[in-house]
Amino acid sequence: MPQARIPNHGTTRRIYAAALAILIALAMIVVLPAVNGRGTANAASDGNPNHASYWEGRFEHPATCYKHDGNSSHGQVVGKTVVLYEFDQDWPGDHWEALIVKGGSRDIGYGKGNAVYVHPQAGVGYTAPKNKGGNVPDVSHWIVCKGTTPTSSTTSSTTTTTQPTTTTSSTTTTTQPTTTTSSTTTTTQPTTTTSSTTTTTQPTTTTSSTTTTTQPTTTTSSTTTTTQPTTTTSSTTTTTQPTTTTSSTTTTTQPTTTTSSTTTTTQPTTTTTIVNVLASGVIGDRVWYDTNGDGLQDAGEKGIPGSTVMITGLDGQDVDPVTAGVQTTLMMLTGDDGKYLFSGLPAGTYKVETQLSWIPPGSGQTFTTVSSFIVELPDGGEDLTNDFGVVAVVSDELPHTGLNTDTLLIVAILLTITGAGAVLVTRRKKHNGEDLAA
């Protein structure tokens, strides 16, 4: 009577494991070569681009940003576009600095579904990034930023000139002549002597005027003294008659006037105003899709909006005339036509550059031109020849593993061989067990 076979559960599990390994390997062989290796740029890691405050401080001018889900006093949603109203001069700022339109989930370098427009115009319809099928998605929300253009500073310098003051002081003393008459009579008769003395003093008037200034004073003093001669007449008479002697002395002092005069002369005041005049040099020009990869801008090849371009003053010169202090580097986003323009630059040497990660979508493309330029800019010069071209490429790099498809294909083949070997070994052991049982 034949014996009943006892199921070998260990063998069954090994067969299932080998079959599963073969299926996984086949899936890798079929699916992995078809994977598109082009990655997407990540949203900024320092905040949430869906918040208005995230965008403040990221553009050329200081700006205040506002988020809207639909129509507002700033603009309205028309179909799948956002249309801004004319800028109201009663609002904070003086112009539209930027518009961010959110829709869909495609990431072109500013967070999923965000399209950034610098210096948008009123009355123009702006859309979110197109999806992979080339269709424009509905507007989820939009953020608009009001910018303020800084004013140039004015320095006023005042110079006051005061001429020296000359003071002339003149003192004159005049003494009038004094006349003394003396008469003496001698006689044998009794003598009568009469003596009379008269002193007359005229009042003295002194006028003094003094002006004191803080400026140096030069004083010239002139004194004139005039003394008239004195005449004395003496007469003596002798007679037998009684003698009368009269002695008269007269002193006359004329009034003395002293005049002191001070004159102060102030010259006109001159005020000099110094105005800070901005430099006038400019450097540009464009970032574009070089469709045929020839490094030349051909008809129909479009610019890339929202690309970042950076300028550096290699001589330490100021590249940002609207910001206080010296800024030797400045970054700018390209406009709708892919163009950029750095203005108000002084003479000197500059480096203008961009990077692939700065150009939407941020990966899956390569330069067809150089990625940086050195520009020698004269005073008031203009250089609009600095163009950056990129062309899309299909990469065989897988962004998540870092392995290319050839390497993964080899791994899949090895797994297939291993699985097949495991199946053969399992079946051989099974036959050997049946032989032993027989």
Evaluation of residue 53 against (1) at pLDDT below 75; (2) part of a helix (DSSP H, G or I) (one fails), failing number: (1)
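Say we look at region 88-116 and pick out the residues that are outside any strand (DSSP E or B) and acidic (Asp, Glu); which of these is surrounded by the fewest Cβ atoms within 10 Å (Cβ to Cβ)?
Among residues in region 88-116 that are outside any strand (DSSP E or B) and acidic (Asp, Glu), the one surrounded by the fewest Cβ atoms within 10 Å (Cβ to Cβ) is 90.
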Evaluation of residue 145 against (1) out of contact with any Asp or Glu (no Cβ under 6 Å at 6 or more places or on another chain); (2) part of a strand (DSSP E or B) (one fails), failing number: (1)
Pair list, Cβ under 8 Å, 6 or more apart: region 1-27 residue at pLDDT below 60, other residue among the hydrophobic types (A, V, I, L, M, F, W, C): 3/437; 5/437
Residue that is over 24 Å from the mean Cα position of the chain (by Cα) and touching a residue at least 40 places away in the same chain (Cβ under 8 Å), where the choices are 344, 380, 362: 362
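Per-residue answers, yes or no, for (1) surrounded by 17 or more Cβ atoms within 10 Å (Cβ to Cβ); (2) in a strand (DSSP E or B); (3) out of contact with any strand residue (DSSP E or B) (no Cβ under 6 Å at 6 or more places or on another chain):
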| site | (1), (2), (3) |
| --- | --- |
| 327 | no, no, yes |
| 330 | yes, yes, no |
| 342 | yes, yes, no |
| 351 | no, yes, no |
| 357 | no, no, yes |
| 362 | yes, no, yes |
| 370 | no, no, yes |
| 375 | yes, yes, no |
Residue list for region 283-327, filter: modelled with pLDDT under 95, β-branched (Val, Ile, Thr) and touching an Asp or Glu at 6+ places or on another chain (Cβ under 7 Å): 291, 326
Exclusive hit being touching a residue at least 40 places away in the same chain (Cβ under 8 Å), surrounded by fewer than 22 Cβ atoms within 10 Å (Cβ to Cβ), among the hydroxyl-bearing types (Ser, Thr, Tyr) and under 15 Å from residue 306 (Cβ atoms), set 81, 127: 127
Within region 57-74, tally of residues that are at positive phi and either in a strand (DSSP E or B) or surrounded by 14 or more Cβ atoms within 10 Å (Cβ to Cβ) (or both): 0
Flag if residue 334 is at pLDDT 95 or above and farther than 23 Å from residue 57 by Cα: no
Any chance residue 86 is in contact (Cβ under 8 Å) with a residue 40 or more places away in the chain, of a type outside the set (Ser, Thr, Tyr) and farther than 19 Å from residue 304 by Cβ: no
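The values are calculated or read from the model by the stated rules, or taken from the named source; none is laboratory data. No experiment lies behind these values; they were computed from the predicted model shown. Cβ coordinates were reconstructed from backbone atoms using ideal geometry, including for glycine residues, and neighbour counts include every protein chain displayed.
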